[in-house]
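Asks: Before I ask anything, let me first share the structure, which is written out below as C-alpha cells.
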Amino acid sequence: MAQPFYVTTPIYYVNDSPHIGHAYTTIAADIMARFHRLAGREAFFLTGTDEHGSKVAEAAEAAGMSEIEFCDKTVKTFQEVWERLDIGHDDFIRTTSERHEKAVRKILDAMRGAKTDDGQEVIYSGYYEGLYCTGCEKYLTERDLVDGKCPDHNREPEVLKEKNYFFRLSAFTGKIRDKIESGELRILPEERRREVLGLLKQDLPDFSLSRERVKWGIPLTFDSSQSAYVWVDALTNYISAIGYADNPLTFDKWWNEAEVVHLMAKDILKFHCLYWPAMLMAAGVKLPETIFLHGFFTVDGAKMAKSLGNKIDPNDMVDDFGADATRYLLLTQYPFGHDGDVQASRFVGQYNTDLANDLGNLVSRVAKMVMTNCEGQLPSAHDDLPGLEELKLQAENLADNAYEYIQNFRIGAAIEEAIALVRATNKFFNDTAPWKMAKAGKTQELGGVLNACCEALRMVSVTLFPVMPGKMRELRHVLSLSDDTLDLQNARTFSFLKPGTPIRVEKPIFPRLDVKKKAAGEAKKDTTKTDKAASEPGLLDISEFAKVQLRVALVLKAEKVEGADKLLKLQVDIGNEKRQIVAGIAQHYTAPEILGKRVIVVANLKPAKIRGVESHGMLLAAKRGDQLCVVTTDLEMPPGAPVS
Ligand code: MSP
C-alpha cells in the first residue's frame, strides 16, 4: 500500500481579503493532492484561516463587530473563493474552532512539561521589554517611530516591561540542523535549505511564546493572564485538524504514517523551518517530511498591496476565465519555487494560445471528424502512419514524466509536459492531414489518425486533471470516459479506448476570448473597484477626463482616525461647502503638518465609508515606493478654485 500523502497550505489571515497570492499556494496544494491520488495514493489536503491576534481584533473593531462575528464573516470570503476555484480540500481549519483550541492547549502542556538535554525547562518565564504605544495598544519597533514618536498618535511610546513566557529555541538549533543535514527534514528548494542552515549558524534568540496584552487569542494553560503567541497558535493548525487532541487514529494515519508536506511561500520561512520543528520536538511529535517554500511573485513588477491597487482578486479571474483556466494561468506564469512576476495583461493571449487554440481546437477538430466520418464512433487503430510511433512514445511517457515532476514540486514542468503532447498531437494531425484521407476514401488511415488523437487526448485528460478538473471532465465526456478510469495507470498505455466508443462534442471546451472585449472588461473593473489592479489603463478620451472635478481645498481641521494607523480625518473647505475627507496619509503627515494646506481634491466622488468613517472626496498625492507627497497649490489660490 502506497504511503498516504498529507499536504497543507498556510492558514491565511482573515483580516486580508483573498488575492491571487493565497490562490497560488492553494491551487498548487490542490494539484499535488489530486496528482498523488491519480497515482493511487490516499491524500489529505488541509487549508484554513488564522483568526487570532491584535490585528484581527483591530479590524473587527473598525468594522463595528465582535471579533468572532468579524471572523465568521471574512472566513466566508476564503471558503467561497476556494469553492469557485474548484479547490478540493479535505478539511478547512479555523484557529477559533474548539478542536483547534484543544490542540493548542495540548501542545502547550506538552511543551511546558518538556526539558532540554541539559535538564532546563523548554518554556520559562521572563520579561519582555519594548516600546509600547498606549494609543495603538501595542508594542512598536524603532522602525515604526518617526522622530522617536508614534506617527499615529504623535507621542513617544513608553518603555514597558511585561511578563512573558519564552521558548528556549537555542536548545533545539543543533538538532534541527542535524535533521536537515541528514535529510530527515527536507527543506526545499535548495536555496531555502541553505538559507535555513545559514540562520542556524547565527545566535538565534529564544522567542516569546505568549502575549499579556493581546486578548483575542488562546489563553495559556499554565497562566490564563497570557495568550498564546499567534505563530504558536497558527502553526498548531497542521496537527489540530487531523486529530492531535481528539482523534489518535486519524492523527496516526495522517501525521505519523503519511508523508507530510507543508507548502507556502518563502515569507514565512523562519516560523516553519525553525519554530515549528522546535515546537514539535519539544512536544515529542515527529517532524514533517518536507517544507517546500515557493517564491513570491509581484504583479506588474510591484509587490501586491492595497495601496498600490494591484491586488488581483481571484474571483475576478474566475469571472473572466473560469475556474480551470485561472488555475492553469496562475501556475504557468513562472517556474514553481522561483520568484516571478504576474502580468494580468498576458492572461487572455495565453488562454487563447494554449487552451482555446492548442487544446480546445484539437478536441473539436478530432471529435467533429469522428462525428462526420465515423458516425460518432471511435474508429480502430491503424499502425502504419507517419509520426505515429513518436507520438505513442511521447504519450506513453507523459504520465510518469509528469508525476516525477510533481514529486519534485515542478508543477509548471508537469503541465508543460502535457501541453507538449497537445502540440505534438496537433502536429501529427496536421502532418497526416486526415481531411485529405477522408476525401481520398482512405478509411483505415483516417480512422487510425483519429484513434491516435483520441488516445493522446485521453492521456492529456488524465495528466491535466489535477490542474483543470472541470475542463478535463468535459474532455473525458467527449471521449465517453468516466472518473472510474481516471488514474495514471491507464494513462501509461496508448491502446485503451475501445473502437466503437461514442465520441461527441457539443461546444468548444475552451471558447476563444475576445481580446478587445476582455481589455474593456478589465478597464471597467478598474474604475469600479478601488482595490483592483489598474494594471493597464487604456487611453482616455478628453471627455472622460473632464468628468473628474478637481478643486483646491483648504484643510481646516485634521485628526487621527482611532484604531487606523494610516488614516487622517480632514475637514476641508472646497469653496461652496465644507467636507470631511479620510485620507491614507497618516504615515507621512501628522495632523499639524497637513493643517492649513491647500490640497487638490477630487470633488465629485460618491461619498464612501472608510473604516466606518464618512469620506466625501479624495485628495491627490504623488507616491513612489515608501514616499508620499500630497499635491498642494499656491497660497493665493482660493478654496474651490477648479483645477484642470
Ligand atoms: N497566517 C500566516 C500563516 C500561518 S501558517 C501556520 C500568514 N498568512 S498570509 O495570509 O499572510 O499568507 C501568507 C502566504 O500566502 C504565503 O506564504 C503564500 O503561501 C501566500 N502568498 C501571499 N502572497 C503571495 C505572493 N505574492 N506570491 C506567492 N505567494 C503568496 O502568513
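The values are calculated or read from the model by the stated rules, or taken from the named source; none is laboratory data. Computed from a prediction, not measured in an experiment: that's the story for all the values here. In this analysis, Cβ positions are derived from the backbone assuming ideal geometry, glycine residues included, and neighbour counts consider all displayed protein chains.
Asks: Out of everything in the stretch 242-260 that is touching a helix residue (DSSP H, G or I) at 6+ places or on another chain (Cβ under 7 Å) and either of a type in the set (A, V, I, L, M) or not assigned by TED's automatic domain parsing to the domain that holds R94 (or both), what residue ends up being farthest from the ligand (Cβ to nearest atom)?
Replies: For the stretch 242-260, the residue satisfying everything is A245.
Asks: Among the residues of the stretch 125-145 satisfying the criterion of being in contact (Cβ under 8 Å) with a residue 12 or more places away in the chain and of a type in the set (S, T, Y), which is farthest from K55 (Cα to Cα)?
Replies: S125
Asks: Additional query: Has the stretch 220-241 got any residue that is polar (S, T, N, Q), within 10 Å of the ligand (Cβ to nearest atom) and under 24 Å from the mean Cα position of the chain (by Cα)?
Replies: yes
Asks: Give the stretch 261-274 a look and list any residue that's near the ligand (Cβ under 9 Å from one of its atoms) and within 16 Å of P4 (Cα to Cα), or say none.
Replies: Within the stretch 261-274, H262 is the sole residue that qualifies.
Asks: Looking only at the stretch 491-498, decide whether some residue is assigned to a helix (DSSP H, G or I), touching a residue at least 12 places away in the same chain (Cβ under 8 Å) and surrounded by 14 or more Cβ atoms within 10 Å (Cβ to Cβ).
Replies: Step one: of the stretch 491-498, the residues assigned to a helix (DSSP H, G or I) are 491-492.
From the residues that got through so far, the ones that are touching a residue at least 12 places away in the same chain (Cβ under 8 Å) too are 491-492.
Filter once more, keeping what is surrounded by 14 or more Cβ atoms within 10 Å (Cβ to Cβ): 491-492.
Within the stretch 491-498, one or more residues are assigned to a helix (DSSP H, G or I), touching a residue at least 12 places away in the same chain (Cβ under 8 Å) and surrounded by 14 or more Cβ atoms within 10 Å (Cβ to Cβ).
Asks: Another question, if that's okay. When both residues are 6+ apart or on different chains and their Cβ atoms are under 7 Å apart, which pairs have a first residue that lies in the stretch 285-310 and is near the ligand (Cβ under 10 Å from one of its atoms), and a second that is of a type in the set (A, V, I, L, M, F, W, C) and part of a loop (DSSP other than H, G, I, E, B)?
Replies: Matching pairs, first to second residue: H294/F336; V299/I312; V299/A533.
Asks: Another question, if that's okay. Hey, can you tell me all the residues within the stretch 560-606 that are farther than 26 Å from A59 by Cα and free of Cβ contacts under 8 Å to residues at least 12 places away in the same chain?
Replies: Within the stretch 560-606, E577, E593 meet the criteria.
For (1) under 30 Å from A43 (Cα atoms); (2) small (G, A, S); (3) in contact with a helix residue (DSSP H, G or I) (Cβ under 6 Å, 6 or more places away or on another chain), each residue gets a yes or a no:
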position	(1), (2), (3)
L359	yes, no, yes
S364	no, yes, no
V370	no, no, yes
Q377	no, no, no
T425	no, no, yes
A433	no, yes, no
M437	no, no, yes
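Asks: A follow-up question, please. Report those helices (runs of 4 or more DSSP H) wholly inside the stretch 1-89 carrying at least 3 residues which are surrounded by fewer than 22 Cβ atoms within 10 Å (Cβ to Cβ) and more than 10 Å from the ligand (Cβ to nearest atom).
Replies: Filter on the stretch 1-89 gives 54-62, 67-84.
Asks: Also, I was wondering about something else. Within the group R624, R579, which residue is of a type outside the set (G, A, S) and in contact with a Gly (Cβ under 7 Å, 6 or more places away or on another chain)?
Replies: R579
Asks: When residues of the stretch 213-242 are filtered for being buried (at least 17 other Cβ atoms within 10 Å of the Cβ), in contact (Cβ under 8 Å) with a residue 24 or more places away in the chain and farther than 11 Å from E101 by Cα, how many remain?
Replies: Narrowing the stretch 213-242 to residues buried (at least 17 other Cβ atoms within 10 Å of the Cβ): 214, 216-220, 226-242.
With the extra rule that they be in contact (Cβ under 8 Å) with a residue 24 or more places away in the chain, the set shrinks to 214, 216-218, 220, 226-228, 230-242.
Right, trim to farther than 11 Å from E101 by Cα and you get 214, 216, 226-227, 230-232, 235, 238-239, 242.
Selection size over the stretch 213-242: 11.
Asks: Quick check on my filter: what residues within the stretch 471-485 are assigned to a loop (DSSP other than H, G, I, E, B) and buried (at least 19 other Cβ atoms within 10 Å of the Cβ)?
Replies: Result: L479, L481.
Asks: Sticking with this structure for a sec: Looking at the stretch 97-124, which of its residues are within 21 Å of I218 (Cβ to Cβ), touching a residue at least 24 places away in the same chain (Cβ under 8 Å) and among the acidic types (D, E)?
Replies: Of everything in the stretch 97-124, those that are within 21 Å of I218 (Cβ to Cβ), touching a residue at least 24 places away in the same chain (Cβ under 8 Å) and among the acidic types (D, E) turn out to be E101, D109, E121.
Asks: Hey, could you check the stretch 194-204 for residues that are more than 16 Å from the ligand (Cβ to nearest atom), not in a loop (DSSP other than H, G, I, E, B) and not basic (K, R) and say which is surrounded by the fewest Cβ atoms within 10 Å (Cβ to Cβ)?
Replies: G198
Asks: Return yes or no: is G340 touching a helix residue (DSSP H, G or I) at 6+ places or on another chain (Cβ under 7 Å) and surrounded by fewer than 18 Cβ atoms within 10 Å (Cβ to Cβ)? Walk me through how you get there before you give the answer.
Replies: On the way: touching a helix residue (DSSP H, G or I) at 6+ places or on another chain (Cβ under 7 Å): no; surrounded by fewer than 18 Cβ atoms within 10 Å (Cβ to Cβ): yes.
So G340 does not fit the description; no.
Asks: Considering the stretch 101-114 alone, what residues qualify as being among the basic types (K, R) and out of contact with any strand residue (DSSP E or B) (no Cβ under 6 Å at 6 or more places or on another chain)?
Replies: K102, R105, K106
Asks: Right, here's the next one. Please identify the pairs in which a residue from the stretch 386-412 that is farther than 22 Å from A433 by Cβ has its Cβ atom under 7 Å from the Cβ atom of a residue that is among the hydroxyl-bearing types (S, T, Y) and crowded, with 20+ Cβ neighbours inside 10 Å, counting only partners at least 6 apart or on another chain.
Replies: As it stands, the answer is L398/T463; A399/T463; A402/T463, since those pairs meet every condition given.
Asks: Also, quick follow-up: Do any helices (runs of 4 or more DSSP H) lying entirely in the stretch 337-417 carry at least 3 residues that are closer than 20 Å to M459 by Cα, and which ones are they?
Replies: Per the criteria, 362-373, 388-407.
Asks: Another question, if that's okay. Which residues, counting only those in the stretch 261-306, are more than 20 Å from the chain's Cα centre (by Cα) and within 18 Å of L46 (Cβ to Cβ)?
Replies: W276, M279, L280, V285, K286, L287, P288, E289, listed by residue number.
Asks: Can you tell me which residue is surrounded by the most Cβ atoms within 10 Å (Cβ to Cβ) among those in the stretch 97-124 that are under 17 Å from P248 (Cβ atoms) and aliphatic (A, V, I, L, M)?
Replies: The extreme case among them is A103.
Asks: Taking strands (runs of 3 or more DSSP E) that fall entirely within the stretch 579-644, which contain at least 2 residues that are loosely packed, with under 14 Cβ neighbours inside 10 Å?
Replies: Numbers: elements: 598-602, 608-610, 613-615, 621-624, 627-630.
Fully inside the stretch 579-644 and qualifying: 608-610, 621-624, 627-630.
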